[in-house]
Amino acid sequence: MGDPRKCRKKWVGPRHPWRKDRLVEEMKLIGEYGLRNKREIWIAQTTIRELRHKARVLLALPLETRERAEKALLERVYRMGLLPENATLDQVLSLTVEDLLNRRLQTIVYLKGLAKSIYQARQLIVHGHIAVGGRRITSPGYIVKRDEEGSVDYYLSSLYRAVPQTTAQRE
């Protein structure tokens, strides 16, 4: 038996990793979203691929059998913040990698103005200065749910260290 903490891979790499158009697109995404390596892109692509596959399978089912599963899939995609509340399965099929990369904690921290650059956002997260709902998150790839988006802020103990004290405050 394997170690329970060692999960299976969350990504599937490209079939043709050396195609120029793929390399150019991946490098553009790495620069735009401040990713560490291409594996982070592949994780997002695999997640989107799985969601789209589930939507295609549901569209092939008869209407009376797919209603409950369709509602569950649309609710999951809504909670992830990828689509609006009244979305359809056709909109799930039109999801892109950029939609999911925009929901990463690193991107949310940068867009909220907590960091000056996308790279600084990554550093703040890895060093433990960012919290979601008061809970410290150290993974830049954490997908921020729709209801957690407003609670992304600095970690409380990091605020005390970041603010320099004057001599009057020390006394």
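Where a number appears in this text, it was derived from the coordinates with a stated rule and is not lab data. These figures come from a predicted structure and were not determined experimentally. With ideal geometry, Cβ positions are generated from the backbone for all residues, glycine too; neighbour counts draw on all protein chains shown.
Using a cutoff of 8 angstrom between alpha carbon atoms and counting only pairs six or more residues apart, the relative contact order for the chain works out to 17 percent. Amide hydrogen proximity for Gly34: with H placed 1.01 Å from N in the peptide plane, no residue at 5 or more positions away or on another chain lies under 5 Å. This ranking places Ile30, Ile48 by how few other beta-carbon atoms lie within 10 Å of each, fewest first, which gives Ile30, Ile48.
Report, in listed order, any pair from Lys71/Lys145; Lys9/Lys71; Lys28/Lys112 with a Cα-Cα distance greater than 20 Å.
From Lys71/Lys145; Lys9/Lys71; Lys28/Lys112, over 20 Å: Lys9/Lys71; Lys28/Lys112.
Shape class for region 13-114: oblate, because the ratio a/c of the largest to smallest gyration tensor axis (alpha-carbon atoms, square roots of eigenvalues) is 1.5 or more and b/c is at least a/b.
To make sure I understand, if each residue's beta carbon is the centre and we count other beta carbons within 10 Å, what order do Leu89, Leu100 fall in, fewest to most? Walk me through the numbers on the way to the answer.
Values: Leu89 17, Leu100 20.
So the residues, fewest neighbours to most, are Leu89, Leu100.
How much mean residue ellipticity at 222 nm does the chain get from its helices, if each DSSP H run of length 4 or more adds -39500 (n - 2.57) and you divide by all residues, to the nearest 500 deg cm²/dmol? Mean residue ellipticity, 222 nm, calculated: -16000 deg cm²/dmol.
In debye, nearest 20: dipole of the chain around its Cα centre with unit charges on the Cβ of K, R (+) and D, E (-)?
Using Cβ point charges on Lys, Arg, Asp and Glu, the chain gives about 800 debye.
Ranking of Leu29, Leu156, Leu59 by neighbouring Cβ atoms within 10 Å, starting from the fewest: Leu156, Leu59, Leu29.
For Ser94 and Ser151, what does the FRET efficiency come to when R0 = 25 Å and r is the distance between their Cβ atoms, rounded to the nearest 0.05? Write out the running numbers ahead of the final one.
Numbers: r = 29 Å, r/R0 = 1.16.
Efficiency for this residue pair is about 0.30.
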